[in-house]
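A short reminder: the numbers here are calculations on the coordinates, not readings from a lab. Worth saying up front: this structure is predicted, and the values here are computed from it rather than measured. Don't worry about glycine lacking a Cβ; one is built from the backbone with ideal geometry, like all the others, and counts go over all protein chains shown.
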Ligand code: SF4
């Protein structure tokens, strides 16, 4: 029972396969026009679409496995905003659920925040066509944000906080054991730099964590997926996207700066984003300055060689393994 929100519940929607209900390029390949060049193009597009779908499935599966996101019998509440990322997350999770060796449940949840012009019929229609159980929660957080934030101010932080609170509550009411959010690799990188540049902290969005209220486990199955792949997938699958700009909010200036920086790096230094992302999974706590992670007062020479002992950054091709192994005799 959800006391102060209206909820649309559809657990009896007819099951239907995504390939038969949504205009994928795979379908176009089947009905390609007779002209040979168009047929070839359609075939190529179908091939690319299929490859993309497999890549997303592989990366999501890998992230779920690496971070133990979903286990046997979990009830996963998939938060659906109507944007490309959450549509893709639901689509890939549905496909993995159907193939997974362990049974788990998916429930899609959308929060209708009562933004002016929000097309309330789009998501229920889509979800019913996919045969996935869903709930639409209606709660007017839009008016609250408008009332609290002065005209022209950035509303996203408060809006997200309110949305989070409602979603946590709904997760409890639905008995969900996991709350799945559609943040992707580039969100994780951007958040890392926001914290680094403006917050003075080394932290980002982890793939799995306990919710603010301590009652839920939040997961990010798209943690390994690039945003551009999600954008392409949304095109291929023709998801009925609902823009997150209906509220007319200005994007946070700091977030804008970080996004521009990452975009510039993407063009000028291929591989940099991957290197930073890998670094987030390869933290050497002894080589940082956080006294809560290491008891510096207790450091003593052990007499044993430590492979990376005092090497801070010597990733120089000129220093090869041979050079590093050179030992000087006393008096050299
Ligand atoms: S763009 Fe609007 S709806 Fe989206 S998070 Fe920001 S304030 Fe909320």
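What does the extension gain come out to for residue 44 and residue 267, with contour length at 0.36 nm per residue minus their alpha carbon separation?
That pair, residue 44 and residue 267, stretches by 77.7 nm at full extension.
Neighbour counts of C-beta atoms inside 10 Å place 264, 66 in the sequence 264, 66, starting with the fewest.
By the beta-carbon count within 10 Å of each Cβ, the least crowded to most crowded order of 261, 237, 89, fewest first, is 261, 237, 89. Classified by the C-alpha gyration tensor, segment 31-172 has an oblate form. Its axis ratio a/c, with a ≥ b ≥ c, is 1.5 or above, and a/b does not exceed b/c. On the beta carbon distance between residue 68 and residue 129, with R0 = 22 Å, the FRET formula returns roughly 0.10. Exposure proxy for 147, 130, 58: other Cβ atoms within 10 Å of each Cβ, ordered fewest to most, give 147, 58, 130. Spin-label pair residue 250-residue 210: with each label point 7 Å from Cα along the Cα-Cβ axis, the two points sit 3.9 nm from one another. Cα centroids of segment 41-106 and segment 210-242: 9 Å apart. Using the Cβ-Cβ distance between residue 311 and residue 98 with R0 set to 45 Å, the FRET efficiency from 1/(1 + (r/R0)^6) comes to roughly 0.40.
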